[in-house]
Amino acid sequence: METTATYTVGEVARLAGVSVRTLHHYDRIGLLSAPDRSEGGYRRYGEAELERLHRIRSYAELGFSLEAIAGLLDDPGIDSVAHLRRQEALLGERIGRLERMRDAVRLTLEAEEMGIKLTPEERFEVFGTDDPAEHAAEAEERWGETDAYRESQRRASTYSKSD
């Protein structure tokens, strides 16, 4: 009989670049639980948990809250390919924003070196208009059925213009 590889909490922490304390926190909040325990009572993680942790780390790197990540990962209508496609699209958007920001920094540097004073509009155009309504329909389509989305909408409804 073939045995499935399992990993201790320390091994998983080293593999994933997180602390043992982080893994314990994920277990406490139900985001990533170890399905098995060793004879000594220590957590043991399998391949499925490593895959889930990879998704957690990817979404966290993209700026998602742990609550939102849990909602995404626990959505039965989303498979691993859909998660990867979503992450790829989000990374593409982030890369585009970073490239625009780099270009603006280069422009600002060039202007500084040439002694040219940029207008306030030129200085801040790198940040775009950031109109949340522009992406509202897409966000609702992607995440509208999740608790995290509903909570986000509830919170956002209390924001003032300065928020």
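The values are calculated or read from the model by the stated rules, or taken from the named source; none is laboratory data. The model shown is predicted, which means the values in this text are computed figures rather than measured ones. Areas reflect the complete protein model, heavy atoms only, side chains present, ligands, DNA and RNA absent. Shrake-Rupley method; radii C 1.70, N 1.55, O 1.52, S 1.80 Å.
General remarks:
- Rolled with a 1.4 Å probe across the full set of protein chains, the surface gives E67 an accessible area near 100 Å².
- HN-Hα J in Hz across segment 73-90 - Karplus 6.51, -1.76, 1.60, θ = phi - 60°, x for Gly and Pro: 6, 8, 6, x, x, 10, 9, 4, 5, 5, 4, 5, 5, 4, 5, 4, 5, 5
- E93, E125, ranked by accessible area, largest first (probe 1.4 Å): E125, E93
- The length gained by stretching the chain between L15 and L107 to full extension, at 0.36 nm per residue less their Cα-Cα distance, is 29.1 nm.
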